[in-house]
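The numbers here are math on the coordinates, done by the rules we state, and not lab data. Just so it is clear, the structure is predicted and the values come from calculations on it, not from any experiment. Cβ placement follows ideal geometry from the backbone for every residue including glycine, while neighbour counts extend to all protein chains displayed.
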Amino acid sequence: MELNCADLEIGLHRQDTSSYRVELRFIAPKSEADNRWVGGDLQLVRSDLGQLGGPTLDAVAYGQKLSESLFADPKLREAFKQAHTIAQDREVPLRLRLFIGPSAPELHSLCWETLRDPEDGSPLLTDEQILFSRYLSSLDWQLVPLRSRADLLRALVVIASPRNLSTWQSGGRSLPSLDVAGELERARSSLKGIHITPLASAGTATLNNVITHLRDGYDILYLVCHGDLSRGEPSLWLEDEAGNVKIEPGSELVARLKDLRQQLRPRLVVLASCQSAGSGDDQCSSDKGVLAALGPRLAAEAGIPAVLAMQGDITLTTVKQFMPAFFQQLKQDGQVDRAMTAARGKVRERFDWWVPVLFMRLKSGRIWYATGLTLDRRGLEKWPALLNNIRQEKCTPILGPGLTESLLSSRCEIARRLAEDHWFPMAPHDCEDLPRVAQYLAVYQDPSFLRGMLAKGLCQEILERWGNDLPDASRGAPLGKLEELNELLVAAGAQHREQSPMEPHRVLAGIPLPIYITTDFSTLLTDALVAVGKEPQVRIYPWWTDDVEPLPAIYKYEPGYQPNVQQPLVYHLFGHLQKPDSLVLTEDDYFDFLIHVTRNKKLVPPVVLRALADTALLFLGFRMDDWDFRVLFRSIMSQEGRGRRKRYAHVAVQIDPEESRTLEPERAHRYLESYFEDADISIYWGSVDDFVQELQRRWEADAP
């Protein structure tokens with residue numbers, strides 16, 4: 001269930017050596033208004049707060065002093081009161097995000113979770129109607145892909161208790177061995193219902209082993225180990241292969257996680273407390289909360305969406321109550337800040353309730369989405385009509401680049417790598433815009449250079465991901481030729497279809513469809529159709545030339561050819577690897593394509609024009625705010641037959657807006673659904689894989 005919240009962000013930024021600037025940004029529920037308040041100085045007497053802190057922190061006195069400092073400005077206090085009141089009046093939670101800017105990282109050392117209500121002095125963050133997190137912007141511009149709620153969540157549980165730990169000291173104190181069996185049992189109890197892979201000491205809890213396992217894809221990294229803090233730099237006491245102590249700098253963990261592709265990074269990292277072997281339930285952990293210093297860096301530098309850490313020692317009793325409540329709530333709706341609030345409510349009577357802290361780079365607070373839902377959270381209602389149109393051979397899929405994301409990276413990641421490799425000079429957010437990056441390379445060098453660099457980069461990725469499954473002849477160093485790229489795609493695609501029954505091209509090839517319109521450059525769809533015994537006929541729209549393209553070969557011996565299920569037409573709109581000049585890559589290419597298709601409508605085969613006007617359209621594999629879809633959509637809408645299109649139920653599959661691309665996901669929902677309202681296109685919120693799996697299941701169940 002998607003939460004309907006009032007959204008309040010409090011930003012703290014260094015102003016000078018002794019003060020900070022406070023900014024408020026508020027959005028009321030179901031409102032488009034973005035209310036901002038800038039001003040106010042935060043005067044922190046850090047020495048006073050330090051005297052209140054330490055192992056015996058007085059949470060009441062500390063929180064009161066911190067609140068007095070934060071809300072010292074009457075205007076700020078009044079703005080907070082209004083936001084809180086609006087949320088209460090509308091009976092929705094207040095999502096409160098404390099944004100500590102890059103200029104003030106030292107503020108993370110303060111115990112913000114102890115804040116008191118500036119009006120009545122009550123604990124502010126034990127109120128289950130306030131969803132609190134420390135919010136960080138990230139230096140990593142990669143997307144935050146959300147996993148489908150239908151998938152089984154997986155956790156990698158790492159417990160490091162090196163065998164020679166007793167011979168080491170940290171900060172003048174001996175480090176006790178961990179209760180490995182107890183820690184593992186607590187992790188299993190807390191993560192009940194989540195698949196666990198344990199790396200529980202005995203030489204398994206090495207950094208290399210952790211990273212190797214994460215490449216298999218885990219949602220949660222649950223780490224238990226001793227830590228040390230030297231000059232503000234945390235270190236982790238992990239193991240070497242022999243099970244002895246190996247101290248790893250926290251910066252190394254951050255760097256290794258950052259090096260992973262975004263899809264392979266855990267959505268949530270839990271830096272759990274260390275409980276000594278034999279300690280009772282009222283015994284405190286002994287790590288002093290030093291690993292919490294890693295939280296901001298994991299979020300801001302490594303791009304981890306959410307980090308749960310302990311900012312001080314915590315009792316085993318509190319851990320036993322907090323952790324199961326947190327994960328139980330998290331499994332229900334994927335809202336990590338809501339899970340944090342629910343768990344904090346469970347331990348609100350404990351003296352150490354404030355110790356767990358949540359660092360996030362998620363504005364929506366969630367780490368997965370529910371598939372197939374519309375903005376009003378109902379499922380896709382057009383399934384019966386879609387299946388009926390397929391049965392009647394009245395459905396035309398229009399396929400985008402998202403179909404290859406299970407085989408290759410997303411277009412955004414491809415663009416980002418090209419931008420990094422070739423010193424793209426524009427704004428950081430433009431680094432993920434492939435047409436814009438391609439435009440830069442085509443102008444800065446030339447179009448041939450662009451195609452060569454794109455081919456070389458994709459070849460390298462295929463070899464890295466699929467090299468062990470490819471024929472020996474395909475494993476040489478890529479030269480940057482499009483022909484070479486096509487050969488590797490053919491080989492990797494065949495392996496992927498064989499290994500994955502729900503591979504999108506394989507599923508679509510097995511469904512009775514007479515025409516496929518695709519923006520993909522490769523032969524992956526054609527290969528999948530051939531693999532199921534069909535005879536696809538390929539044609540490319542000739543936008544790059546004034547010469548009329550010759551008819552497909554089948555017309556030479558079958559002049560009356562009409563696309564059918566056994567001999568479907570595969571129509572490439574944005575070019576084909578076998579014709580390098582045909583590729584639509586740059587911004588100029590998209591403009592030229594749109595102008596050409598608008599002026600030369602007769603070059604589109606009549607059967608394709610009829611399909612666009614007289615069948616149900618299934619847009620699959622697009623992000624609908626990207627260039628390729630917008631140009632495609634406009635070119636389709638410019639064709640004749642707009643009135644006839646209203647006879648059919650059209651469906652577009654859209655991945656739920658990613659956190660790092662979409663500032664306000666709910667508003668993005670509303671925008672896209674209103675954008676396509678006149679075209680009568682129902683939006684399925686989910687990934688291509690989510691959709692084809694549900695399509696296959698429904699098609700098989702609906703078959704006679």
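For the reader, a short list of remarks on this structure follows.
- Protection proxy ranking, peptides 299-307, 461-469, 585-593, average beta carbon neighbours within 10 Å, highest first: 299-307, 585-593, 461-469
- Backbone phi angles across region 100-111, fed through the Karplus curve with coefficients 6.51, -1.76 and 1.60 (θ = phi - 60°), yield HN-Hα couplings of 9, x, x, 7, 9, x, 5, 5, 5, 6, 7, 8 Hz in residue order; Gly and Pro are listed as x.
- Backbone HN-Hα couplings from phi across region 350-355 [Karplus 6.51/-1.76/1.60, Hz, Gly and Pro as x]: 7, 5, 10, 4, 7, 5
- Checking the cross-link pairs 192/363; 65/346; 382/534; 534/579; 65/192; 579/601 against a 31 Å limit on the alpha carbon distance flags 65/192 as lying beyond it.
- With neighbours defined as other Cβ atoms within 10 Å of a residue's Cβ, the residues 218, 561 order from fewest to most as 561, 218.
- Built amide H within the under 5 Å cut-off of residue 135, gap 5+: 98, 99, 100, 360
- Along region 466-471 the Karplus relation, 6.51 cos²θ - 1.76 cosθ + 1.60 evaluated at θ = phi - 60°, assigns HN-Hα couplings of 10, x, 5, 9, 9, x Hz to successive residues, with x for each Gly and Pro.
- For residue 395, distant residues with modelled amide H under 5 Å away: 616
- Near residue 576, the amide H atoms lying under 5 Å from its own belong to 582, 583; only residues 5 or more places off or on other chains count, and H is placed 1.01 Å from N.
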